[in-house]
Every structure is written in C-alpha cells, then in structure tokens.
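Data first, discussion second: the structure below is written as structure tokens.
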Amino acid sequence: MTTRLDEITAADVMSRVLVTVEPTETPLMAWELMRRSQIRHLPVVDRDGHVEGVVTRELIATCWGGGPATLERQTVGELIGHARRPRVCLDTPLPQIAATMLDARCDAVPVVSESGTLLGLITAVDMLAVIAGRPAKERVAPDTTPALFRIEPVLHPPATGQ
C-alpha cells in the first residue's frame, strides 16, 4: 500500500529527539553543540519552549570572519534576529511543508504546537528520505513525546597552584 504525499503530515516526518540552544547562548557554543551532536540545524528555544528560530552551521560560518572571539561577543538570538522564521504545525501536509521551506529559502523548519512550543524539526534530508521511501534512522514512533535536550556549559574554577 502506498501513501500519497499529500496524506503525509509533519507529525509523520519530523525528528522528535532534538538538541536545542537558548537565544542567550553564544554562536561558539552553538557551533560546538552542532559539531559534537553531528547536526547542521539547532533550534533556538526560549526558557518557555517557544521557538525563536533555527541556527545553522552555515549561518554561524558567515559570522566567523573575526575568529572565535567574534562569536563570543554576540548571542544566537542576535545572529538569527532578522532571519525569516518559518514554522509548521503537526497536521501540515508534506507539500505545504516543502512550499514553506522553498518560500523561506531554508532547509529546516520547526514543528510547533498552537502555542508556539517546539515539538520537532523537519529538514530537507527528512523530506527527501520520505519521498525516496527511506525513513530516517533516528525516526521514533509517532506517539513518542518530543525529547528536547539543552546542554548547559559547565565552568570549572581555575586550577590553583600546589
């Protein structure tokens, strides 16, 4: 049995296990989170779980010109400040998700609840996997509650002389 593409919704396609970053975090920390997690898209979520946007490796790379020090003087919120912030709902059909991504010229779109809280993320790779009939490896059951991870930096006190 085949499923028509317009019958597939965001809930069927989205990744539910995500690493997120707060808007007050530095782009350098976001870069490190993406590097360690081996991901290209990092949802920016406030303390209440509302999506402010998605930061990408490419976006951070465009700001890298001044070196790491430049990335420590600004925040992820400032970095995504004026970027378009497309989003879709759980019941958004696949063709509409694709149109949203094309219109916004982005390769990832957050899936949000009616109140704007993050439920999942859909990337261009997720879309291609569905079209090719290849579900993503990390895909979990549709009834799984989204798991959002926030990594807090730990600062160690300076070493004391002996």
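Odds and ends about this structure:
- The condition of being on the phi < 0 side of the Ramachandran plot and modelled with pLDDT of 95 or more holds for only one of VAL51, VAL45, VAL130, VAL111, that being VAL111.
- Of all residues in segment 77-98, exactly one satisfies the criterion of being closer than 14 Å to THR9 by Cβ and small (Gly, Ala, Ser), namely ALA98.
- When LEU71, LEU118 are screened for being farther than 26 Å from THR3 by Cα, crowded, with 17+ Cβ neighbours inside 10 Å, over 16 Å from the mean Cα position of the chain (by Cα) and at pLDDT below 95, only LEU71 passes.
- Criterion applied to CYS89, CYS63 was being surrounded by fewer than 19 Cβ atoms within 10 Å (Cβ to Cβ), over 14 Å from the mean Cα position of the chain (by Cα) and at pLDDT below 90, and the one residue passing it is CYS63.
- Against the numbered list (1) closer than 23 Å to CYS89 by Cβ; (2) outside any helix (DSSP H, G or I); (3) in contact with a helix residue (DSSP H, G or I) (Cβ under 6 Å, 6 or more places away or on another chain), ASP6 comes up short only at (2).
- THR100 touching a Pro at 6+ places or on another chain (Cβ under 7 Å), modelled with pLDDT of 60 or more and of a type outside the set (A, V, I, L, M): yes
- Contact annotation: residue pairs with Cβ atoms under 9 Å, 6 or more positions apart or on different chains, pairing a residue in segment 20-41 that is surrounded by 20 or more Cβ atoms within 10 Å (Cβ to Cβ) with a partner that is among the small types (Gly, Ala, Ser) and part of a strand (DSSP E or B), are HIS41/ALA108.
The values are calculated or read from the model by the stated rules, or taken from the named source; none is laboratory data. Just so it is clear, the structure is predicted and the values come from calculations on it, not from any experiment. Methodologically, a virtual Cβ is constructed for each residue, glycine included, from the backbone with ideal geometry; neighbour enumeration extends over all protein chains shown.
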